[in-house]
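Structure, as structure tokens:
Just so it is clear, none of the values below were taken in a lab; they were calculated from the coordinates. None of the values given here were measured: they were computed from a predicted structure. Methodologically, a virtual Cβ is constructed for each residue, glycine included, from the backbone with ideal geometry; neighbour enumeration extends over all protein chains shown.
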Amino acid sequence: MANKNSNLQSAKNIKDDEFYTTYETIESEVSHYVRHFAGKTVLCNCDDPFESNFCKYFLKNFNVLKLHRLICTSYGASAVVGTQINLFDDTHQNLKRGAGYVLDVTKFSDAVGEISDGAIAYFLQTSNVIKKLDGNGDFRSAECIEYLKISDIVVTNPPFSLFKEIVTEIMRYHKKFLIIGNQNAITYKEIFPLIQNNEVWTGYRFGEMKFRVPEYSMPRKYRYWVDESGQKWRSLGNAMWLTNLDNDRRHEYVTMTKTYNSEDYPKYDNYDAINVRTIREIPCDYYGIMGVPITIINKYNSEQFEIVGEANHGSDNEFDLFKPTIKGKEIFKRILIRRKIQ
Ligand SMILES: C[S@@+](CC[C@H](N)C(=O)[O-])C[C@H]1O[C@@H](n2cnc3c(N)ncnc32)[C@H](O)[C@@H]1O
């Protein structure tokens, strides 16, 4: 029984990993980082050649972004391999499920501006730029790590269940990245210290994101729909981009219009910090520790504040300093910040 349950659980986890990003989600985010891409090698390492909008976006915008090289590795178990366009690898075999592939492109068009879909499709079908990998394209495999080593910027939407692993791997090789994750990851012990130490930060879109999901996805009551073409969709209310590419967002100052008083800003029962209900209510004249909603991370400016820790259960990890309660009433998880004296 235990085995059956754990099989069911892992099947559920696999399904919840398959969220396919829209072109618009990628385009609107990358537009804030154009200056970082010139002359760079981009790696999309949780992808499918062409079916992925990451791959499609970077092919279309190869010249706009002045890329040096684009490498997309696909994972053998992907649910969408071969569903949109019939592609061939360099041995002229049809792409098939179960195998990992790599698409590896340097300059491929003289077009000024975006490259047309037709030109991309023709190029992909005639230029032998897709090769079968030895393994299944797992981003942790030795051959995929070799691609990581020669890349400058990783851009992808990894399986949420492997989010900490991919961030840890990218940081280990000192690479830049722009990846999609779930906001829950902010307080993971592998991610939180990177944010605290200003090594990584959030991008622009933070919250709502919609994703195509595979045909086998089960209907859900909320945040699920099927469009007129029969494509299934899900949306998340707590998605985010996480990056270590500098952006303007992280240099914007939080405007503080409120002043401190002990009634509106009660202290926690068990820790010397005040509770601040919303980011707009951060008082301009308080320099002690403040517990603020976790969404502060998307407004966080490290010139203005420092992150002291988090308050969730008080035991999740070394950064989780206490369980927040006020007069015995539990408060939802908080990030603990302190103003910097400027
Ligand atoms: C959330 S989906 C996103 C797909 C695509 N990047 C996109 O955004 O449309 C995650 C992708 O990672 C693939 N994947 C799962 N485990 C992987 C692994 N260990 N290494 C590389 N890719 C993996 C899945 O098959 C799936 O295609």
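If the rule is a partner Cβ under 4.7 Å, which cysteines in the chain fail it?
By the Cβ distance rule, which asks for a partner under 4.7 Å, the isolated cysteines are Cys46, Cys144, Cys284.
When a footprinting reagent is the concern and you count Cβ atoms within 10 Å, what order do His36, His313 take, fewest first?
On the way: His36 17, His313 12.
The order, fewest Cβ neighbours first, is His313, His36.
Mind checking the stretch 264-342 for chymotrypsin sites (Phe, Trp or Tyr not before Pro) that DSSP puts in a loop (not H, G, I, E or B) and that have at most 15 other Cβ atoms within 10 Å?
Working: sites: Tyr268, Tyr271, Tyr286, Tyr287, Tyr300, Phe305, Phe319, Phe322, Phe332; in loops: Tyr268, Tyr271, Tyr286, Tyr287, Tyr300, Phe319, Phe322, Phe332.
Sites meeting the loop and neighbour criteria: Tyr287, Phe332.
What is the mean projected area of the alpha carbon convex hull for the chain, to one decimal in square nanometres? Could you put the intermediate results ahead of the total?
Details: hull surface 82.8 nm².
Averaged projected area of the chain's Cα convex hull equals 20.7 nm².
Enter the angle in degrees (range 0 to 90, nearest 10) between the Cα long axis of helix 2-17 and the first principal axis of the Cα atoms of the chain, meaning the one along which they spread out most.
80
I'm a student and want to see the number: the projected area of the Cα convex hull of the stretch 233-333, averaged over all directions, in nm². The partial results should precede the final answer.
Details: hull surface 33.9 nm².
Over all viewing directions, the stretch 233-333 projects a mean Cα-hull area of 8.5 nm².
I'd like to know which of Phe37, Phe108, Asn184 lies farthest towards the positive end of the charge dipole of the chain, counting +1 on Cβ of Lys and Arg and -1 on Cβ of Asp and Glu.
Farthest towards the positive end: Asn184.
Of Trp233, Trp225, how do they rank once you tally other Cβ atoms within 10 Å and put the fewest first? Kindly include the intermediate steps, with their values, before the conclusion.
Working: Trp233 17, Trp225 12.
The fewest-first ordering by Cβ neighbours comes to Trp225, Trp233.
How far is helix 117-126 tilted off the main Cα axis of the chain, in degrees rounded to 10, range 0 to 90?
60
Along Cα→Cβ, 7 Å out, is where each label goes; now give me the distance between the ones at Asp134 and Tyr23 in nm to one decimal.
Label at Asp134, label at Tyr23, 3.7 nm between them.
Using a basic spin-label model with each label point 7 Å from the Cα along Cα→Cβ, how many nm lie between Val112 and Leu162?
The answer from the label model is 4.1 nm.
Which entries of Lys176/Lys299; Lys221/Lys327; Lys267/Lys340 show an alpha-carbon separation above 29 angstrom in the structure shown? It would help to have the intermediate numbers written out before the result.
Values: Lys176/Lys299 21 Å; Lys221/Lys327 36 Å; Lys267/Lys340 20 Å.
Where the Cα-Cα span goes over 29 Å, the pairs concerned are Lys221/Lys327.
Quick one: if the Förster radius is 25 Å, what FRET efficiency do Glu143 and Ser229 give, using the C-beta to C-beta distance and rounding to 0.05?
Efficiency computed from Cβ-Cβ geometry: 0.10.
Convert each backbone phi in the stretch 19-24 into a coupling constant with the Karplus relation 6.51 cos²θ - 1.76 cosθ + 1.60 (shift: θ = phi - 60°), then list the ³J(HN,Hα) values in order as whole Hz, x for Gly and Pro.
Each residue of the stretch 19-24 in turn: 10, 9, 6, 7, 4, 5 Hz.
Alpha carbon centre of the stretch 112-146 versus the stretch 289-342: separation in Å?
If we compute the Cα centre of each part, the gap is 43 Å.
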